[in-house]
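Here's the structure, in structure tokens; my notes come after.
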Amino acid sequence: MEMKLSQFLRLWGLIMVLSVFYSCTNVNTNRDKASAFQEPYRPQFHFTPPSQWMNDPNGLVYHQGVYHLFYQHYPDSTVWGPMHWGHAVSSDLIKWQHKPIALYPDELGLIFSGSAVVDVANSSGFGTSENPPLVAIFTYHLMDGEQAGRKDFQTQGIAYSLDNGERWFKYEGNPVIQNNDIKDFRDPKVFWHEPTQQWILTLVAGDHAKFYKSTNLKDWTLLSEFGKTQGAHGGVWECPDLFELPVAGSQEKKWVLLISMNPGAPNGGSGTQYFVGDFDGTSFTTDQTNARWIDQGRDNYAGVTFNNMPNDERVFIGWMSNWDYARTTPTEVWRSAMTLPRSISLHQDSIGFYIKNYPVSQLSSITSVTFEEKAVLLTEPFELTQDNFNQSELRFDMLLSEPLKLTLSNDLGEQVVLEMDPERRMLRFDRTQSGLVDFDQKFALGVQKQSYHNANELAELRIIMDASSIEIFIDKGRYVFTNQIFPTAPYTRITLTGNPSTVLKDFKINKLTSIWHHE
């Protein structure tokens with residue numbers, strides 16, 4: 001067919017317009033990809049949602065070579081709203097791949113916190129022995145019931161997956177645990193108790209924990225309660241976790257019960273306490289009389305551990321925020337991050353049992369040395385500068401009996417300060433001048449403190465900094481401060497002062513690479 005010149009010119013013009021449009025669209029798409037996970041304050045090696053609100057970690061479970069991280073998520077805003085279960089997976093606990101939302105609200109309510117198990121023997125009947133199901137156990141929160149002034153608006157439901165978490169189906173018999181008029185009745189954590197051949201479920205009821213049993217994950221019987229007169233009670237109990245650990249250096253095993261509480265943490269707002277005791281398949285008991293805290297920084301809350309881990313490892317992830325100011329932190333595209341995954345271990349000294357929580361060894365896969373010295377003598381202040389310390393770690397060994405002041409700062413006068421004061425047996429961390437602090441009056445309440453044993457022995461000090469966080473581990477995680485920070489420019493200077501006798505051994509600065517280059 002013969003084409004006239006005018007037709008050809010019109011066609012050519014249309015091709016050019018489409019070409020320009022496609023080019024611009026492609027450029028914008030590439031620009032969006034390039035800028036994703038590069039926003040101000042976006043962590044580069046801590047888990048964050050692609051966008052919008054996140055809080056508690058949920059459903060932590062390992063299955064068929066995959067670590068699953070579910071989390072409280074509101075996909076329509078950067079502030080808390082109707083809760084869903086977000087989802088991400090990893091093969092190494094460090095690099096995460098975002099997945100579609102796993103669980104949506106339904107007529108029974110919003111999807112609040114909970115856990116997930118591998119039903120190896122197919123006790124639920126949802127799968128087969130050849131293809132055992134993943135089963136999620138979560139709290140339904142019925143907003144209509146809460147708004148009507150009822151107390152029974154929280155119940156427990158279950159869902160299952162037969163393709164390792166890709167698709168989820170809610171049980172048609174939900175809820176599996178009804179509510180007998182308890183206002184705060186939530187956050188079920190389930191595990192298989194081998195000695196009694198049954199599932200054990202721990203949930204919280206305002207000011208105490210309740211333990212249930214089941215043989216099929218569907219039918220539950222109340223066993224016992226714990227905690228009305230034990231531990232800290234400055235706020236509502238949340239996010240329990242019960243597990244057994246060996247005591248380091250012995251043949252003994254003990255049970256550990258984690259309980260998050262808001263408010264009432266020792267340095268303000270949200271925090272996670274723990275109890276060490278015994279569990280016989282029915283009741284948890286402990287001789288512990290004082291509250292103990294897994295982290296005395298202000299930003300480690302609602303943490304729980306993975307089920308079904310290889311080699312009986314016990315790995316913990318917490319929500320790196322605090323309900324005092326969680327809704328107002330200065331981020332725009334997303335809000336909140338998780339702590340680094342941490343190995344949990346149990347120890348004992350003359351004072352009693354205590355927990356250490358310390359970054360998993362897999363973190364070394366993204367770590368490289370940028371500066372090292374065999375020994376740094378603090379006969380005078382030691383100062384080190386570089387362009388950006390906010391994606392790095394500092395580690396060295398020193399005597400706990402020696403004093404130390406460590407300052408991270410920039411040329412704008414913004415700084416964080418860690419002090420070790422052996423004379424008063426006190427650790428102090430100060431973020432009151434860390435950068436943006438006035439977005440909420442509760443963010444910079446004052447200097448955080450925790451006591452420590454000033455033994456004349458070497459201990460490691462390790463500080464890990466990301467774009468908007470700092471995690472401090474002393475003595476392999478016996479003493480921990482986890483905090484958000486929002487400097488308006490990166491910290492470029494480390495200053496260390498101590499006594500003339502203070503020696504920092506095996507001093508290293510490491511760079512940590514971004515886990516989001518694949519996004």
Taking the stretch 331-353 as the search range and keeping residues that are buried (at least 16 other Cβ atoms within 10 Å of the Cβ) and hydroxyl-bearing (Ser, Thr, Tyr), which one is farthest from Thr488 (Cα to Cα)?
Ser345
I'd like to know if the stretch 486-502 contains one or more residues that are open to solvent by less than 70 Å² (accessible area, probe 1.4 Å) and free of Cβ contacts under 8 Å to residues at least 60 places away in the same chain.
no
Out of all the residues in the stretch 120-154, which are among the basic types (Lys, Arg) and within 30 Å of the chain's Cα centre (by Cα)?
Lys151
If I ask for residues that are open to solvent by 50 Å² or more (accessible area, probe 1.4 Å) and of a type in the set (Gly, Ala, Ser), which ones from the stretch 86-122 would you list?
Ser91, Ala121
Would the stretch 73-85 turn up any residue that is farther than 30 Å from Gln197 by Cα, surrounded by 23 or more Cβ atoms within 10 Å (Cβ to Cβ) and in contact (Cβ under 8 Å) with a residue 12 or more places away in the chain?
yes
Sort through His98, His141, His193 and tell me the only one that's farther than 22 Å from Met54 by Cα and not acidic (Asp, Glu).
His193
Candidate set from the stretch 197-223 (those that are among the charged types (D, E, K, R) and under 16 Å from Thr282 (Cβ atoms)); member that is farthest from the chain's Cα centre (by Cα):
Lys213
Only one residue in Glu457, Glu471 is loosely packed, with under 15 Cβ neighbours inside 10 Å, touching a residue at least 24 places away in the same chain (Cβ under 8 Å) and not polar (S, T, N, Q). Which one?
Glu457
Scan the stretch 39-51 residue by residue and report those that are surrounded by fewer than 19 Cβ atoms within 10 Å (Cβ to Cβ) and closer than 18 Å to Phe70 by Cα.
Pro50, Ser51
Qualifying positions in the stretch 171-198 - of a type in the set (A, V, I, L, M, F, W, C) and either under 16 Å from Tyr160 (Cα atoms) or touching a Pro at 6+ places or on another chain (Cβ under 8 Å) (or both)
Val176, Ile177, Val190, Phe191
Tally the residues that are touching a strand residue (DSSP E or B) at 6+ places or on another chain (Cβ under 6 Å), open to solvent by less than 40 Å² (accessible area, probe 1.4 Å) and under 24 Å from Ala209 (Cβ atoms), restricting the search to the stretch 132-190.
25
Being touching a residue at least 60 places away in the same chain (Cβ under 8 Å) and either assigned to a loop (DSSP other than H, G, I, E, B) or under 26 Å from Val369 (Cβ atoms) (or both) is true for just one of Val437, Val416. Which residue is that?
Val416
With respect to Leu377, is the statement that it is modelled with pLDDT under 95 and either surrounded by fewer than 20 Cβ atoms within 10 Å (Cβ to Cβ) or closer than 28 Å to Gln38 by Cα (or both) true?
no
Show the residue pairs meeting these rules: Cβ distance below 6 Å; 6+ apart or different chains; first residue within the stretch 139-164 and within 14 Å of Ala102 (Cα to Cα); second residue hydroxyl-bearing (Ser, Thr, Tyr) and open to solvent by 20 Å² or more (accessible area, probe 1.4 Å).
Ile158/Tyr171
Can you work out which of the residues in the stretch 246-273 that are part of a strand (DSSP E or B) and more than 27 Å from Asn483 (Cα to Cα) is nearest to the chain's Cα centre (by Cα)?
Trp255
Quick check, is Phe306 closer than 25 Å to Leu222 by Cα and modelled with pLDDT of 95 or more?
yes
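The values are calculated or read from the model by the stated rules, or taken from the named source; none is laboratory data. All figures in this text were calculated on a predicted structure; none of them were measured in a lab. Backbone-built Cβ (ideal geometry, glycine too); neighbour counts: all protein chains shown. When the accessible area is computed, the model is the full protein with side chains, heavy atoms only, and any ligands, DNA or RNA have been set aside. Shrake-Rupley method; radii C 1.70, N 1.55, O 1.52, S 1.80 Å.
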